[in-house]
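One structure is given here, and the rest of the page talks about it.
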Amino acid sequence: MRIGITCYPTYGGSGVVATELGLELAARGHDVHFISYAVPVRMTAASERLHFHEVEMLNYPLFDHPPYTLALATMMYNVAVNESLDILHVHYAIPHSVSAYLARAMLASRKLPFVTTLHGTDITLVGADRSYLPITRFSIEQSDGVTAISDYLRRVTLREFEIKRPVEVIPNFVNCDVFEPADSDSRRNEFARDDEKILVHLSNFRPVKRVTDVVEIFHRVRQEMPAKLLMIGDGPERTAAEWLVRDKQLTSDVIFLGKQNQVQELLNCADVLLLPSDLESFGLAALEGMACGVPAVCSKVGGVPEVITDGVEGFLVPARDVKTMAARALEILSDPEKREKMGMAARHRAATQFCSTKIIPLYEDLYRRTLESR
Ligand code: GMT
């Protein structure tokens with residue numbers, strides 16, 4: 001198939017999922033055309049089946065807000081015509097599904113179905129804003145196929161948006177050959193001494209991620225044992241987190257690594273992953289850690305319980321309860337046997353339920369069904 005994929009190219013779960021999906025589809029012989037305003041962060045591989053089309057914006061003084069939705073729709077139309085696309089797959093409803101709707105309408109005689117994948121904040125935060133709700137609902141209803149990355153998100157979408165059409169759950173996935181437990185080449189020694197434990201956090205440092213809670217949890221752990229915290233990512237809450245690190249006199253134990261691409265190498269150094277978000281529709285970072293054999297301590301919110309069973313692959317704790325999260329992290333870190341057992345369970349769950357080899361065929365099947373039904 002010739003597949004157009006649109007996503008936000010920035011550091012965020014939906015862009016990561018869309019990019020990894022494109023890479024996997026290309027590896028399986030499909031022609032994949034990414035259409036966005038920048039090359040997606042994890043699109044590091046090059047192949048004859050992977051293409052990128054940049055949406056360029058006309059900056060005319062009249063426009064206070066250049067109309068990206070229209071520029072994107074135009075580029076979708078152009079790529080569809082020039083590359084004979086069979087289908088478009090947009091990740092994150094706003095504004096991508098609206099652009100896809102316009103491109104499909106412009107191509108009426110050729111038929112260009114589009115699939116929308118909902119990721120979370122497009123529904124829970126942005127889409128639920130009353131100013132965006134009607135057009136988000138409209139573009140979801142108009143999509144030829146709709147998927148949500150967890151059953152939690154499917155239920156919220158149907159309820160909040162009163163969607164009448166079916167929404168399928170296709171969970172997020174991880175390449176289990178890339179994200180796998182460390183061998184002897186682990187970079188652990190770059191960050192910690194042998195007697196120190198390593199905790200890790202990976203996100204875009206948005207307020208919903210509660211990165212200051214990560215520091216609070218680490219502070220409590222650090223009072224009990226020698227440890228280091230790796231902070232992977234960047235975003236609006238980094239300054240607050242750095243301030244708290246200085247305030248708690250943890251500067252020599254907390255390492256801010258910024259945005260990284262080869263996150264598997266860093267996850268592989270860790271003993272436990274912290275994800276204390278206020279909300280997660282899925283929690284891709286936790287899954288990537290699990291595939292590397294790292295148990296996670298997460299907030300019990302949204303779709304996270306669909307990925308982690310409390311006490312098996314990690315622990316689920318009510319959001320903002322940093323005291324219990326620290327206690328749970330210590331429980332793992334102070335008991336090597338428990339850490340080993342949970343790490344193995346985490347890897348097993350990731351490999352048996354969320355491996356890309358299991359999930360990518362579900363998307364291929366959806367594309368085929370969507371094409372047949374048009
Ligand atoms: O969490 C973010 O801030 C990024 C956001 C996105 O859309 O890029 O992530 C959402 O999609 C991820 C990939 O499907 C999920 O793993 C995250 O749980 C989800 N974030 C939230 O629901 C807050």
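The values are calculated or read from the model by the stated rules, or taken from the named source; none is laboratory data. All values reported here derive from a predicted model rather than from experimental measurement. Cβ: placed from backbone, ideal geometry, glycine included. Neighbour counts: every protein chain shown. Accessible surface areas use protein heavy atoms only, side chains included; no ligands, DNA or RNA. Shrake-Rupley method; radii C 1.70, N 1.55, O 1.52, S 1.80 Å.
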Quick tally, 1.4 Å probe accessible area for Arg137, Arg339, Arg246, sorted with the most first, runs Arg246, Arg137, Arg339
Expected sort for 239-245, 93-99 on mean C-beta neighbours within 10 Å, highest first, is 93-99, 239-245
The alpha-carbon center of region 88-120 and that of region 331-361 are separated, in whole Å, by 35 Å
Note on region 156-210: alpha-carbon gyration tensor, axes a ≥ b ≥ c; rule is a/c under 1.5 for rounded, else prolate if a/b larger than b/c, else oblate; result oblate
Inter-part gap, Cα centre of region 20-80 to Cα centre of region 233-255, in whole angstrom, is 34 Å
Taking the dipole of the chain about the Cα centre (Lys, Arg +1; Asp, Glu -1; charges at Cβ), the one of Met106, Ala71, Leu88 that reaches farthest to the positive side is Met106
Note on region 188-353: contact order normalised by length, alpha-carbon pairs under 8 Å, 6 or more apart, percent, works out to 22 percent
Using alpha-carbon positions, the gyration tensor of region 188-353 gives root eigenvalues a ≥ b ≥ c; with a/c under 1.5 called rounded, otherwise prolate if a/b exceeds b/c, else oblate, the class is rounded
Using a 1.4 Å probe on heavy atoms of the protein chains only, the accessible area for Leu287 in Å², nearest 10, reads 0 Å²
Checking rank on 48-58, 315-325, with mean other Cβ inside 10 Å and highest first, the result is 315-325, 48-58
Under the rule rounded for a/c under 1.5, else prolate if a/b exceeds b/c, else oblate, using alpha carbon gyration tensor axes a ≥ b ≥ c, the chain is classed as prolate
Filtered hits (lysines, Cα-Cα < 19 Å from Lys209, offset >= 8 within chain) -> Lys259, Lys300, Lys323
Carbon and sulfur atoms account, in whole percent of the 1.4 Å probe accessible area of region 218-305, for 40 percent
Given a 1.4 Å probe, the accessible area of region 188-353 per residue, as a whole number of Å², is 39 Å²
Here P(r) for region 217-258, Cα-Cα distances in 10 Å bins, as whole percents, is 29, 59, 13
SASA check, Glu141, accessible area w/ 1.4 Å probe, all protein chains in place, rounded to nearest 10 Å², comes out at 60 Å²
Toy charge model, Lys and Arg Cβ at +1, Asp and Glu Cβ at -1: the chain dipole around Cα centroid in debye, rounded to 20, equals 740 debye
With only helices counted (DSSP H, runs n ≥ 4, each -39500 (n - 2.57)), the per-residue ellipticity at 222 nm for the chain, to the nearest 500, works out to -12000 deg cm²/dmol
Once the dipole of region 188-353 is set up from charges on Cβ (+1 Lys and Arg, -1 Asp and Glu), the residue from the list Pro276, Ser334, Phe218 lying farthest towards its positive end is Pro276
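Using a 1.4 Å probe and counting only protein heavy atoms, arrange Lys300, Lys209 so the residue with the most accessible area comes first.
Accessible-area ranking of Lys300, Lys209, largest first: Lys300, Lys209.
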Using a 1.4 Å probe on heavy atoms of the protein chains only, the accessible area for Asp31 in Å², nearest 10, reads 40 Å²
With R₀ set to 30 angstrom, the calculated FRET efficiency between the beta-carbons of Leu133 and Leu371, to the nearest 0.05, is 0.50
Ordering 155-162, 106-113, 194-201 by per-residue average of other C-beta atoms within 10 angstrom, highest first, gives 194-201, 155-162, 106-113
Full extension between Thr251 and Tyr68 adds, at 0.36 nm per residue less the Cα distance, a length in nm of 61.8 nm
Percent relative contact order for the chain, counting Cα pairs under 8 Å at least six residues apart, stands at 14 percent
Along region 227-239, Karplus-curve 3J(HN,Hα) (6.51, -1.76, 1.60; θ = phi - 60°) to the nearest Hz, with x for Gly and Pro, reads 7, 10, 10, 9, 9, 9, x, 7, x, x, 8, 5, 4
